[in-house]
Ligand SMILES: Nc1ncnc2c1ncn2[C@@H]1O[C@H](COP(=O)(O)OP(=O)(O)OP(=O)(O)O)[C@@H](O)[C@H]1O
Ligand SMILES: [Mg+2]
């Protein structure tokens, strides 16, 4: 899939994702070793985007399982279409009647009906959910399990089983084994600790806020119309603001948004009034806004 | 290389990173995939396979830099020692060595042709023979370098060099060429000696680091909290963080073991549809144990400030073990500091609680007044799910102890646990009113060291809430 770490880096870049050496190395290893990657990091640093880009550059379909509290196997793996099964039995009532009409005894009638199980427990009546979709896919895919920390620990245990051998058994249909091992990316915002088992199974990637050089590249890439000087100023300011110990420091997506709106406002450089009036694009909490306002001098010190 | 990675893993484990065997094997096979050419890639590879908690990354970085410091640096050093590359000289050497089937010492072979990493392996072998594991002090570097040196048969090497020179002379090289080659060989010998010394030095750094960590943990854990220097207080933060983590891990394990519980009716009914509504298969739901509510009340007067600091850090790091934590500090006036934790990162929140809350930090402790104020204003917000964790030395400066207030508070909550940073022998002596407060408390514990603090909180998280169930 990739010949080298450098190749990962180049191809991601071509797909408009700036991958640090660390990110590229882990992606390379995941592809080589067929291991899932568990990505942790603050909100908006490109965790989800990485999975999307991976599907892009490998031309693999992206199957996404968004986790939430209460997510269970039914929603993640498959569910029987009960309504449809019921409807069919109703519609076929007479045929079933015929089938057992001349049955000499009750047990005989039962076993005749049982003989028809296959008709009702077949893929026709099954809705595959993301995990089963990923396993049954005819072509290799990228499976994104987004925000796994939101799901409950039991679900995590179940997921670990699936990720260990990429096969599931559906009692009525038998075992389904993946034709191709999917590239799996899990993301977590660290809402709770994940289990040791899952962590052991995965390669671990912690994505932090990008360094100034990378962030500048990202801004240039995502807001190509931005004047060079303004781009530098934006990055310098954002990096300063992250150093202020805010409750929620600005993420990459927020600095992109900010850069965009500055461009719309036709700004060429940053000044205190402009920053104050656009600050809500960048920081969201009232207290944080106050803090940044109080430290504007410092924030803008090196942006000229 | 594998051996070095495994040794490195040993160092990580000693620094309390938990690394399973399967992860160690992953690290080996992953680094085989990427090779060693790029240090950053190599480092990322080890991090991805060995470090599964982002908070351990810092430790990893430090140890990595200490351990793999030399991979490139050594190679570079060797090149520098050898002066500008002289491929011609090496070629001539290789030729003689190949042609004249000379019976050379293994080490000479290595010196003549070896790469940095092979030489290093030889040095490691020598170090074992020299008992390098006994290295402890900076002053021993020279001694051990010599001892490792002594493991090698230098006279054999010298004889070999003479042999080589003779062979070269016999081939008709002119004196100028011969001198250049001799010079080159001596430089290689010198570089090897330097590598020995560097190896010993690095080993010393590693040991110092390891010992430092160990010392911080062991000595500081048993040192009376009031006696900590500011430096030690800073170091202690990481000790407390690790403690919090151990408690959390143990709790998570227990919760996992206790998972089976109530029937999951939704799932069971859904499944039963397949059997005409008869619940043939029963599904169990994880028992949702209600998490305890906690209120910490800390004396923050000078005498016990360190203890309060670590208790706050510990409790606040264990947030997810409680459904709600509220915190108060007092000297005489009492104030809630919970909001600080909601607004700032832990570090700053603690600094604020210890210095910036609306209480007079420099007046004389008055437990009685603080408790009566607390009873007046907070009584209605208390309930039977709440446990109060109190920290203070109960040295009341001969003020009115107002023990009734504490008893009143006790009636409204699940329990009161009192941690006293003063040694038990002092309780009740002088202005200590501990014996007057003790009857209102469910548990009273001495808590002079971080080790004791850890024990109490650990107990608290694990067993206190199970009692009376
Ligand atoms: N390295 C990067 N290269 C290019 N774009 C990036 C990079 N990092 C972040 N972005 C941009 O930031 C935006 C937010 O990224 P994404 O949604 O992947 O964040 P996330 O880490 O998944 O956040 P959350 O935890 O909130 O889900 C993306 O739309 C992407 O455009
Ligand atoms: Mg996301």
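To keep it simple, each residue is scored yes or no on (1) in contact (Cβ under 8 Å) with a residue 12 or more places away in the chain; (2) not assigned by TED's automatic domain parsing to the domain that holds residue A:61.
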site: A:88; (1), (2): yes, yes
site: A:91; (1), (2): no, yes
site: A:109; (1), (2): no, yes
site: A:117; (1), (2): yes, yes
site: A:141; (1), (2): yes, no
site: A:145; (1), (2): yes, no
site: A:154; (1), (2): no, no
site: A:158; (1), (2): yes, no
Considering only the range A:200-222, I want to know if a residue exists there that is modelled with pLDDT under 90 and either at the interface with chain B (Cβ under 9 Å from one of its Cβ atoms) or within 16 Å of ligand 2 (Cβ to nearest atom) (or both).
no
The helices (runs of 4 or more DSSP H) lying wholly within the range A:262-304 that contain at least 1 residues that are over 21 Å from residue A:243 (Cβ atoms) and in the same structural domain as residue A:232 (by TED's automatic domain parsing) are A:272-278
Being within 14 Å of chain A (Cβ to nearest Cβ) and in a helix (DSSP H, G or I) is the filter; apply it to the range B:307-333 and report the residue that is farthest from residue B:222 (Cα to Cα).
B:320
Determine if the range A:2-15 includes at least one residue that is closer than 19 Å to residue A:187 by Cβ, in contact with a helix residue (DSSP H, G or I) (Cβ under 6 Å, 6 or more places away or on another chain) and surrounded by fewer than 18 Cβ atoms within 10 Å (Cβ to Cβ).
yes
Can we say residue A:162 is part of a helix (DSSP H, G or I), buried (at least 21 other Cβ atoms within 10 Å of the Cβ), away from every other protein chain (no Cβ under 14 Å) and free of Cβ contacts under 8 Å to residues at least 60 places away in the same chain?
no
Positions within the range A:198-213 being within 20 Å of the chain's Cα centre (by Cα) and more than 12 Å from ligand 1 (Cβ to nearest atom), in sequence order:
A:198, A:199, A:200, A:201, A:202, A:203, A:204
Hey, any hits in the range A:166-184 for a residue that's touching a residue at least 40 places away in the same chain (Cβ under 8 Å), away from chain B (no Cβ under 13 Å), within 16 Å of ligand 2 (Cβ to nearest atom) and touching a helix residue (DSSP H, G or I) at 6+ places or on another chain (Cβ under 8 Å)?
yes
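Residues are listed down the side, and each one gets a yes or a no for (1) more than 16 Å from ligand 2 (Cβ to nearest atom); (2) surrounded by 20 or more Cβ atoms within 10 Å (Cβ to Cβ):
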position: A:27; (1), (2): yes, yes
position: A:31; (1), (2): yes, no
position: A:51; (1), (2): no, yes
position: A:54; (1), (2): no, yes
position: A:82; (1), (2): yes, no
position: A:92; (1), (2): yes, no
position: A:112; (1), (2): yes, no
With respect to residue A:69, determine if the residue is at pLDDT 95 or above, within 14 Å of chain B (Cβ to nearest Cβ), surrounded by fewer than 22 Cβ atoms within 10 Å (Cβ to Cβ) and more than 13 Å from ligand 1 (Cβ to nearest atom).
no
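Residue by residue, here is whether (1) within 30 Å of residue B:245 (Cα to Cα); (2) surrounded by 18 or more Cβ atoms within 10 Å (Cβ to Cβ) holds:
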| position | (1), (2) |
| --- | --- |
| B:369 | no, yes |
| B:390 | yes, yes |
| B:408 | no, yes |
| B:411 | no, no |
| B:429 | no, no |
| B:443 | yes, no |
| B:456 | yes, yes |
Among the residues in the range A:254-261, are any within 14 Å of chain B (Cβ to nearest Cβ) and away from ligand 2 (no atom under 16 Å from the Cβ)?
no
Would you confirm, using the coordinates I've provided, whether residue A:251 is under 28 Å from residue A:50 (Cα atoms), within 16 Å of ligand 2 (Cβ to nearest atom), away from chain B (no Cβ under 14 Å) and surrounded by fewer than 21 Cβ atoms within 10 Å (Cβ to Cβ)?
yes
Looking at this structure, is residue A:173 within 16 Å of ligand 1 (Cβ to nearest atom) and in contact with a strand residue (DSSP E or B) (Cβ under 9 Å, 6 or more places away or on another chain)?
no
Is it the case, given these coordinates, that residue B:245 is modelled with pLDDT of 75 or more and in the same structural domain as residue B:316 (by TED's automatic domain parsing)?
yes
So for the range B:35-50 (the condition being surrounded by 13 or more Cβ atoms within 10 Å (Cβ to Cβ), within 16 Å of the chain's Cα centre (by Cα), at pLDDT 85 or above and assigned to a helix (DSSP H, G or I)), does at least one residue qualify?
yes
Unique match (being within 16 Å of ligand 2 (Cβ to nearest atom) and either within 14 Å of chain B (Cβ to nearest Cβ) or buried (at least 17 other Cβ atoms within 10 Å of the Cβ) (or both)) among A:74, A:44
A:44
Does residue A:83 satisfy the condition of being away from ligand 1 (no atom under 16 Å from the Cβ) and either at pLDDT 90 or above or closer than 16 Å to residue A:186 by Cβ (or both)?
no
Before we move on, is residue B:56 surrounded by fewer than 14 Cβ atoms within 10 Å (Cβ to Cβ), modelled with pLDDT of 85 or more and either in a helix (DSSP H, G or I) or within 10 Å of chain A (Cβ to nearest Cβ) (or both)?
no
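The values are calculated or read from the model by the stated rules, or taken from the named source; none is laboratory data. All values reported here derive from a predicted model rather than from experimental measurement. FYI the Cβ positions are ideal-geometry reconstructions off the backbone, even for glycines, and counts take in every protein chain you see.
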